[in-house]
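Following: one structure in structure tokens, then a few remarks.
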Amino acid sequence: MESLSISRSALLEKLNGMDLLLTLHDRFGGSFQGKLLHYCAKSGAVVLDGADTADCVSFHQLEDLSSIKLHTKVEHLGWLTGKTVSPLIELPASDFDLDDYVYQAERMLAEQLNHAIQISLEQVAASDLTAKLASRRVIESAMAIVTKIAADSLGMELLGSVNTLCFVNTSEDSLKVKRSLATIKIYFNTSNMPGTNLAEKLERDIERVL
């Protein structure tokens, strides 16, 4: 297949107003999945309606994006490029690398906070795709909350006493946040994950233990 000549900006302009799922990867190592709500070519503003977190809307700058992944059938490549495209081989969803995601998340937090916070996982089996995807959802929400808290000097000072975020897959019925010294533990049950209020509950509980 010939190389594709479409730019990130042109792709986002084509996707404006379309009901298609995509993942944005940024230069800080973060990844954000959802549907494009708005793209402004003049300012470079990108607004994404989150898929993993139902109550999340994220805002990005085009210059910060490293890549864009479309979750669509192969014929959409023909629509984008005007060319006939042969079917692609897709990796099974079980190949999602949670360890690499955690590594990238740690790098992103260190860059944004100027303070290293380790992310650890407990009772999440490498072969359990449901648990891995649920872990990613909770980690993404927690990172957004930590970044929000760090936006003011008091929040940054409080986070300075935290060195570990530990995510624990548990059989307990509800989402819980506890603290032990410099470690914040977030307990979640993959079979009973909160719906639209996940971020709201996490934010309230994380602020409580800080």
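For this structure, a couple of remarks:
- Pairs exceeding 25 Å between alpha-carbon atoms, taken from LYS148/LYS178; LYS35/LYS178; LYS132/LYS176: LYS35/LYS178.
- Solvent-accessible surface ranking, highest first, for HIS25, HIS60 at 1.4 angstrom: HIS25, HIS60
- FRET E, pair GLU207, LYS69, Förster distance 22 Å, beta-carbon r, rounded to 0.05: 0.10
- Net length gained if the chain between ASN163 and VAL124 were fully extended (0.36 nm per residue, minus Cα distance): 12.0 nm
- Under 9 Å, Cβ to Cβ, from GLY29 - net charge with Lys/Arg +1 and Asp/Glu -1: -1
The values are calculated or read from the model by the stated rules, or taken from the named source; none is laboratory data. Computed from a prediction, not measured in an experiment: that's the story for all the values here. With ideal geometry, Cβ positions are generated from the backbone for all residues, glycine too; neighbour counts draw on all protein chains shown. Note: accessible area is taken over every heavy atom of the protein model, side chains too, but ligands, DNA and RNA are not part of it. Shrake-Rupley method; radii C 1.70, N 1.55, O 1.52, S 1.80 Å.
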